[in-house]
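The structure appears right after this line, and notes come after that.
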Amino acid sequence: MSQTIRIQLERYRPEEDSEPWQQTVEVPYHRDTSVLDALNYIKDHVDPSLSYRWSCRMAICGSCGVMINDEPRLGCKTFLREYLDAGELRVRAMDNFPIERDLIADIGGLVGHIESVDPFLIVDAERPLSEGENLQTPLQLERYEAFSECINCGLCYAACPQFGRNPQFLGPAAITLAQRYNLDSRDDGTPRRLAYLNAEEGVWSCTFVGYCSEVCPKAVDPAAAINQGKVSSTLDFVQRRAVDPVSTEDG
Amino acid sequence: MAEPYVKRQPAGWWLKNPAYRRYMLREATALPLFAYTLLLITGVYRLSQGEEAFTQWLVMLRSPWCVTLHVVALAAALLHAWTWLQLVPKILVVHTNRLRVSGTLIKRVHQLGALLGSVGLVVLAWLFLAQGGS
């Protein structure tokens, strides 16, 4: 642990600072030192006032998302050894969210969007328990399984310039979650979810930048989910127009 | 209580990250194609003005800037087509309760279609020119 690497942290303490400022720290590293380990080292040995979120250390809880050299990444899944050539890491709170404190982004907008898409199974008729399990084939599971792997870390929102421009845009994770249920063979809630997926802040605000899928630590591919949502939205529009040409005139 | 700090998205948000630059390049392919469309519309307009006007337009097509526009528009069209074909399997998913078609196959079929369409167009144009020349 004799070698060190320089880490530039963007700090913001709402009680004292009017805007973010930079703090540079030298941190010893080993082959298996993650950025989260480095932040813990700084907190324990250099500056206990540093604030950041973390919990599981294994890319499951989705708490430790930060910008590392301008890329949205999980601190626990990113290792200092990847930056030896660059010689320096720049770490700041996730882009496109308000900064709560230091490396902590206020992800309230993301949570609100996720809550707003009815992310649960909706059934037209309640199944009595006597009917047993609501079975699904492996092929039916496969259709939405990748979209169900989301850990709500928010990296896709930090990667999305459309969300950065308009925080009302439902964004990658929320729309992916809506698609996850729309594609579930046990779910009947698609018409209800299409109401807001069809809206301006729904799938149509996406311009397929595709960076959300590149940064996703769980290979969820939200860009695919959103753009498949555009196909569903288009089919819905055509079907409704075929059934009732008048009521769909104004959208 | 102190408020969270809200950063505004800077105008140059796309300059720092290669993924954003690739995206902007893809979107920018629309510009040379727009210019090329205007050029073709001008041709139709000049045709409506008579043979002499149309011949002047044909001569103008041979000017260096016009040849450059054609080369840029062709490059833009090819780049746009390539990115389009890359994204097709993400959007077009054939996955029913009984049938699942792989994304690679869907992409290959589209690539084949694009190739056949392009070659077919060149052959048609060649036949048309050959007929016009005889």
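The values are calculated or read from the model by the stated rules, or taken from the named source; none is laboratory data. On a predicted model such as this, the values are computed, not experimentally measured, just so you know. Don't worry about glycine lacking a Cβ; one is built from the backbone with ideal geometry, like all the others, and counts go over all protein chains shown.
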Looking only at segment B:24-32, decide whether some residue is under 30 Å from A:Leu103 (Cα atoms) and more than 13 Å from the chain's Cα centre (by Cα).
-> yes
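To keep it simple, each residue is scored yes or no on (1) touching a strand residue (DSSP E or B) at 6+ places or on another chain (Cβ under 9 Å); (2) closer than 28 Å to B:Trp14 by Cα; (3) at pLDDT below 95; (4) not β-branched (Val, Ile, Thr).
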residue: A:Val35; (1), (2), (3), (4): yes, yes, no, no
residue: A:Val46; (1), (2), (3), (4): yes, no, no, no
residue: A:Cys56; (1), (2), (3), (4): no, no, no, yes
residue: A:Gly65; (1), (2), (3), (4): yes, yes, no, yes
residue: A:Ile68; (1), (2), (3), (4): yes, yes, no, no
residue: A:Pro72; (1), (2), (3), (4): yes, yes, no, yes
residue: A:Lys77; (1), (2), (3), (4): yes, yes, no, yes
Quick check: anything in segment A:97-120 outside any loop (DSSP other than H, G, I, E, B), in contact with a Cys (Cβ under 7 Å, 6 or more places away or on another chain) and within 29 Å of A:Arg6 (Cα to Cα)?
-> no
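Being under 30 Å from A:Val25 (Cα atoms), of a type in the set (A, V, I, L, M, F, W, C) and either assigned by TED's automatic domain parsing to the domain that holds A:Ala178 or in contact (Cβ under 8 Å) with a residue 12 or more places away in the chain (or both) narrows it down to one of A:Leu89, A:Leu110, A:Leu135, so name that one. Reasoning before the result, please.
Numbers: A:Leu110 fails: under 30 Å from A:Val25 (Cα atoms); A:Leu135 fails: under 30 Å from A:Val25 (Cα atoms).
From the options A:Leu89, A:Leu110, A:Leu135, the qualifying one is A:Leu89.
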Enumeration of residues in segment B:12-27 that are assigned to a loop (DSSP other than H, G, I, E, B) and within 11 Å of chain A (Cβ to nearest Cβ) = B:Trp13, B:Trp14, B:Leu15, B:Lys16, B:Asn17
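Out of segment A:130-160, which residues are crowded, with 19+ Cβ neighbours inside 10 Å and not hydrophobic (A, V, I, L, M, F, W, C)?
Of all residues in segment A:130-160, those crowded, with 19+ Cβ neighbours inside 10 Å come to A:143-144, A:147, A:150-151, A:153-160.
If the condition is that a residue be crowded, with 19+ Cβ neighbours inside 10 Å and not hydrophobic (A, V, I, L, M, F, W, C), then A:Arg143, A:Tyr144, A:Gly154, A:Tyr157 are the ones that fit.
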Between a first residue in segment A:18-35 that is away from chain B (no Cβ under 14 Å) and a second residue that is assigned to a loop (DSSP other than H, G, I, E, B), which pairs have beta carbons less than 6 Å apart while being 6 or more apart in sequence or on different chains?
-> A:Pro28/A:Met1; A:His30/A:Met1; A:Val35/A:Thr78
Quick one: how many residues across segment B:84-134 are surrounded by 12 or more Cβ atoms within 10 Å (Cβ to Cβ), among the charged types (D, E, K, R) and under 21 Å from A:Pro138 (Cβ atoms)?
-> 1
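Output the residues belonging to segment A:161-175 that are assigned to a helix (DSSP H, G or I) and buried (at least 24 other Cβ atoms within 10 Å of the Cβ).
Taking segment A:161-175 and keeping what is assigned to a helix (DSSP H, G or I), we get A:161-165, A:171-175.
Residues satisfying the conditions are A:Phe163, A:Gly171, A:Pro172, A:Ala173, A:Ala174, A:Ile175.
Just checking, which of A:Lys43, A:Lys77 is in contact (Cβ under 8 Å) with a residue 60 or more places away in the chain and more than 14 Å from chain B (Cβ to nearest Cβ)?
Working: A:Lys43 fails: in contact (Cβ under 8 Å) with a residue 60 or more places away in the chain.
Within the list A:Lys43, A:Lys77, the selection yields A:Lys77.
If you check A:Tyr41, A:Tyr52, which single one turns out to be among the aromatic types (Phe, Trp, Tyr), out of contact with any His (no Cβ under 6 Å at 6 or more places or on another chain), assigned to a helix (DSSP H, G or I) and crowded, with 17+ Cβ neighbours inside 10 Å?
On the way: A:Tyr52 fails: assigned to a helix (DSSP H, G or I).
One residue alone meets the criteria, A:Tyr41.
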With respect to A:Ala159, is the statement that it is away from chain B (no Cβ under 14 Å) and touching a helix residue (DSSP H, G or I) at 6+ places or on another chain (Cβ under 7 Å) true?
-> no
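Does A:Ala178 satisfy the condition of being more than 14 Å from chain B (Cβ to nearest Cβ), buried (at least 24 other Cβ atoms within 10 Å of the Cβ) and assigned to a helix (DSSP H, G or I)?
On the way: more than 14 Å from chain B (Cβ to nearest Cβ): yes; buried (at least 24 other Cβ atoms within 10 Å of the Cβ): yes; assigned to a helix (DSSP H, G or I): yes.
Yes; evaluated as a whole, the condition is true for this residue.
From B:Leu105, B:Leu38, B:Leu69, B:Leu85, which residue is of a type in the set (A, V, I, L, M, F, W, C), more than 12 Å from chain A (Cβ to nearest Cβ) and in contact with a His (Cβ under 7 Å, 6 or more places away or on another chain)? Steps first, answer last, please.
Working: B:Leu105 fails: in contact with a His (Cβ under 7 Å, 6 or more places away or on another chain); B:Leu38 fails: in contact with a His (Cβ under 7 Å, 6 or more places away or on another chain); B:Leu69 fails: in contact with a His (Cβ under 7 Å, 6 or more places away or on another chain).
From the options B:Leu105, B:Leu38, B:Leu69, B:Leu85, the qualifying one is B:Leu85.
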Residues (within 15 Å of A:Tyr157 (Cα to Cα) and surrounded by fewer than 22 Cβ atoms within 10 Å (Cβ to Cβ)) located in segment A:189-208 = A:Glu201, A:Ser205, A:Thr207, A:Phe208
